Amino acid sequence: MHGLATESVHEQLHDQRFDDHIADINRHCDALRELRPGTEVPYVDPIHNAEEARVVSLFSNTGAAPASGFIEPGDQEAATRMLGIQWQLGLRPEYVMPWNVHPWFTPGQANGKLAPEQIGAGLKPLLRLLALVPRASALVAHGTEAHKLAALLLKTENPLLWRRGFKTYKVRSLSGRGFAGSPEKQAQWLDEMQQAYADSMARCGLPRRGQ
C-alpha cells in the first residue's frame, strides 16, 4: 500500500507541474531538455513557488537523474538532511527554489564529477532561473561544482545581482563523497548549512521558527 500511495503522490505532483505558481520554471526545464535531445531535465516540485522563493538551493548533481522526475538534493539521506534543516529553521518550501548545477542528465547514467565545461554550461540556465524568481536574493551552493558555478555567477556582474543585494553561501554537499566524514564532522557541516540558510532567511526578511 505504501508503494501505491507514493506512486499516487508522484503522479499528483507531476500533474501539477504546470500550475501557475511554478509553470514558468518547469517550462524553462522543458526548453533546456529541447536544447539537448535525448537528455533528462528534472522538473521543480510544485511545492515550491516562483513568486515567493527567496533562496535558491544549488545542488552539485553528480548522481543519476532522480526517479521522481523532480530535482532532489541527492539520495534519500540527503533529502532527509535538507528537510531537517528547513524544519528546524521554519523555512517553508515555497520560499526555496532548488536547482542543479548542470540541469541535464544522460538517462541511466550518473553525471559523475562535472567537467569545467559542464559547470559553465549551467550558467545561462541559472541566470534564466534567477530572472524567474524575482524575490530571490540568496543562493546556497552545495558542493564543489555548485561553489564553482556560484563563483561564475558573481563574475558576470549581472545587474540583477546588485539590484537584489544578492549573496551566495558555500556549504558541503548533502550526500556522497562531499559528506563523507566522522559523525562529528558531519554534525559540523550540517550546522554550517543551517547557519547559511538562517543568514539567508534574515537577509530576505523571513522569520525563523520560534521568532
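The values are calculated or read from the model by the stated rules, or taken from the named source; none is laboratory data. Every value quoted in this text rests on a predicted model; they were computed, and no experiment measured them. Don't worry about glycine lacking a Cβ; one is built from the backbone with ideal geometry, like all the others, and counts go over all protein chains shown. Please note that ligands, DNA and RNA were not included when accessible areas were found on the heavy atoms of the full protein model with its side chains. Shrake-Rupley method; radii C 1.70, N 1.55, O 1.52, S 1.80 Å.
So, of the residues in segment 165-191 that are part of a loop (DSSP other than H, G, I, E, B), under 17 Å from LEU83 (Cα atoms) and open to solvent by less than 30 Å² (accessible area, probe 1.4 Å), which turns out to be modelled with the lowest pLDDT?
Filtering segment 165-191 down to residues part of a loop (DSSP other than H, G, I, E, B) leaves 165-166, 172-175, 180-182.
Narrowing the set further to residues that are under 17 Å from LEU83 (Cα atoms) leaves 172-175.
Then drop every residue that is not open to solvent by less than 30 Å² (accessible area, probe 1.4 Å), which leaves 173-175.
On the way: SER173: 95, LEU174: 94, SER175: 89.
That would be SER175.
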Would you please list the contacts, defined by Cβ atoms under 8 Å and residues six or more apart or on different chains, that run from a residue in segment 156-178 that is hydrophobic (A, V, I, L, M, F, W, C) to a residue that is open to solvent by 60 Å² or more (accessible area, probe 1.4 Å)?
-> LEU161/LEU154; VAL171/GLU192; LEU174/GLU77
Just to be sure, is GLN194 of a type in the set (S, T, N, Q), in contact (Cβ under 8 Å) with a residue 12 or more places away in the chain and either closer than 23 Å to ALA53 by Cα or open to solvent by 50 Å² or more (accessible area, probe 1.4 Å) (or both)?
-> yes
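Quick check on segment 29-47: of everything there that is over 17 Å from PRO93 (Cβ atoms), in contact with a Phe, Trp or Tyr (Cβ under 9 Å, 6 or more places away or on another chain) and acidic (Asp, Glu), which residue is most open to solvent (accessible area, probe 1.4 Å)? Reasoning before the result, please.
Here is the first cut: in segment 29-47, the ones over 17 Å from PRO93 (Cβ atoms) are 29-41.
Next, from what is left, pick out any that are in contact with a Phe, Trp or Tyr (Cβ under 9 Å, 6 or more places away or on another chain): 29-30, 32-33, 35-36, 39-41.
Within this subset, residues satisfying the condition of being acidic (Asp, Glu) are 30, 40.
Numbers: ASP30: 35, GLU40: 73 Å².
Checking each candidate, the answer is GLU40.
Could you list, in sequence order, all residues of segment 51-73 that are small (Gly, Ala, Ser) and either open to solvent by 30 Å² or more (accessible area, probe 1.4 Å) or more than 13 Å from the chain's Cα centre (by Cα) (or both)? It would help to see each step written out before you state the result.
Looking only at segment 51-73, we keep the residues that are small (Gly, Ala, Ser), and these are 53, 57, 60, 63-65, 67-69.
Correct list: GLY63, ALA64, ALA65, ALA67, SER68, GLY69.
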Any residue in segment 76-91 that is within 11 Å of SER175 (Cα to Cα) and acidic (Asp, Glu)?
-> yes
Counting only residues that are modelled with pLDDT under 95 and farther than 18 Å from MET201 by Cβ, give me the helices (runs of 4 or more DSSP H) lying completely in segment 30-141 with at least 1 of them.
-> 76-89
May I ask you to verify whether ARG209 is modelled with pLDDT under 95 and either closer than 27 Å to ASN26 by Cβ or open to solvent by 50 Å² or more (accessible area, probe 1.4 Å) (or both)?
-> yes
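Considering only segment 74-112, how many residues are open to solvent by less than 20 Å² (accessible area, probe 1.4 Å) and either out of contact with any Lys or Arg (no Cβ under 8 Å at 6 or more places or on another chain) or among the aliphatic types (A, V, I, L, M) (or both)? Walk me through it before giving the result.
Residues of segment 74-112 open to solvent by less than 20 Å² (accessible area, probe 1.4 Å): 78, 82, 85, 89, 91, 96-105.
Still in the list and also either out of contact with any Lys or Arg (no Cβ under 8 Å at 6 or more places or on another chain) or among the aliphatic types (A, V, I, L, M) (or both): 78, 82, 85, 89, 91, 96-103, 105.
Number of matching residues: 14.
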